[in-house]
Amino acid sequence: MTRARRVGAAVCLLLFVLLTVVVAVRDGAPLPGDRASHSWAVHHRPPVAEALARALTATGTGPLPYLLAVGAGLLAGRDPRQRLCAAAGALAVLALGQAVRFAVMAAVARPRPALADWATHASGYSFPSGHTTTAALTAGLLAWGVTRRSRSSSGRLAAALILLWGAAVGLSRVYLGVHWLTDVLGGWLFAAVWLTLGTWVTAPHIPVEIRREEPVGRL
């Protein structure tokens, strides 16, 4: 793991801890930016946009993220044994991340926005957002698998689009009125820290590159 990644993970961890403490100390009350973003979402929901947001948010839960995590591991491995180990590792990163996230959520016990503002079903406490965390972890794992498979520009583009999907799922939770913006921010920060830890643990068992670029020519 590079020094830049370690520093980035440490910053995300510090911000997540600070945000969690602030939310807990304030008994879950909305933080600056929460009410404004929530109000904007509630008053800007044309039927088509709301339907698209519901379809998008549905991809951040259920069996799909776990299937994608397994797919990420299969992409990352070079041979059958490495693929099996990588798939198991990716699945463990997602499942354990969910367990830790649930523990934080239960400890903080932040209430959700008012039920009257919801445009989709939701359950449990609000911080950190479960859909956001799940989608961010899944997107990070899948982007990791894709870039392990190919370092080409198409591979980087695919990874960027995957990460964009993960971020969009989180924003859909605010748009649909079931989470505060800081719930989503907490999910992103937690996922960034957990992914860094997960890739650090699994890195010794996965090759650095799966596909090397062929030399253009030799003198």
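Quickly work out the Ala107-to-Leu84 label distance, labels modelled 7 Å from Cα along the C-beta direction, and quote it in nm with one decimal.
3.7
Which value in nm describes the separation of the simple spin-label points at Leu115 and Ala99, placed 7 Å from the Cα toward the beta carbon?
Calculated label separation equals 3.3 nm.
In a Gaussian network model over the chain where Cα atoms closer than 10 Å are linked, find which of Ala103, Ala29, Ala90 has the largest mean-square fluctuation.
Highest fluctuation of the listed residues: Ala103.
At 1.4 Å probe size, with no ligands or nucleic acids counted, give the accessible surface of Trp165 in Å², nearest ten.
Accessible area of Trp165: about 60 Å².
For a quick check, take a GNM of the chain with Cα springs below 10 Å and name the residue from Leu75, Leu14, Leu189 with the largest mean-square fluctuation.
Residue with maximal mean-square fluctuation among Leu75, Leu14, Leu189: Leu14.
Grab the other residues whose beta carbon is less than 15 angstrom from that of Ala192, score K and R as +1, D and E as -1, and report the net. Walk me through the numbers before you get to the answer.
Numbers: positive: Arg5, Arg6, Arg101; negative: none.
Overall, the nearby charge balance is +3.
Let me make sure I get this right: for the chain, a, b and c are the square roots of the gyration tensor eigenvalues over alpha carbons, sorted descending. Under 1.5 in a/c it's rounded, otherwise prolate if a/b > b/c, else oblate. Which is it?
Working: a/c = 2.19, a/b = 1.75, b/c = 1.25.
The shape class here is prolate.
Given the DSSP H assignment, sum -39500 (n - 2.57) over each helix run of at least 4 residues in the chain and divide by its residue total; what's the result at 222 nm in deg cm²/dmol, nearest 500?
On the way: 8 runs with 151 residues, N = 219.
It lands at -23500 deg cm²/dmol.
List the trypsin sites (Lys or Arg not before Pro) within the range 1-82 that fall in a DSSP loop (any state other than H, G, I, E or B) and whose Cβ has at most 13 other Cβ atoms within 10 Å. Intermediate results must be reported in sequence, preceding the final value.
Details: sites: Arg3, Arg5, Arg6, Arg26, Arg35, Arg54, Arg78, Arg81; in loops: Arg26, Arg78.
For trypsin sites (Lys or Arg not before Pro) across the range 1-82 that sit outside H, G, I, E and B with at most 13 neighbouring Cβ atoms in 10 Å, the list reads Arg26.
Roughly how many debye, to the nearest 20, is the charge dipole of the range 30-173 about its Cα centre, given +1 on each Lys and Arg Cβ, -1 on each Asp and Glu Cβ, and no other charges?
On the way: 14 positive and 4 negative charges, 87 e Å.
In debye, rounded to 20, the range 30-173 gives about 420.
What net charge is computed for the residues neighbouring His131, neighbours being all others with C-beta under 12 Å from the C-beta of His131, Lys and Arg scored +1, Asp and Glu -1? Kindly include the intermediate steps, with their values, before the conclusion.
Numbers: positive: Arg54, Arg101, Arg173; negative: Asp183.
Every neighbour counted, the sum reads +2.
What's the ranking of 122-132, 167-177 by average number of surrounding C-beta atoms within 10 Å, highest first? Could you put the intermediate results ahead of the total?
Details: 122-132: 22.2, 167-177: 23.8.
The densest-packed peptide leads the list: 167-177, 122-132.
The values are calculated or read from the model by the stated rules, or taken from the named source; none is laboratory data. Just so you know, these numbers come straight off a predicted model, no measurement behind them. A quick note on method: Cβ atoms are made from the backbone with ideal geometry, for glycine too, and the neighbour counts reach across all protein chains shown. The accessibility values were calculated without ligands, DNA or RNA, using every heavy atom of the protein model including side chains. Shrake-Rupley method; radii C 1.70, N 1.55, O 1.52, S 1.80 Å.
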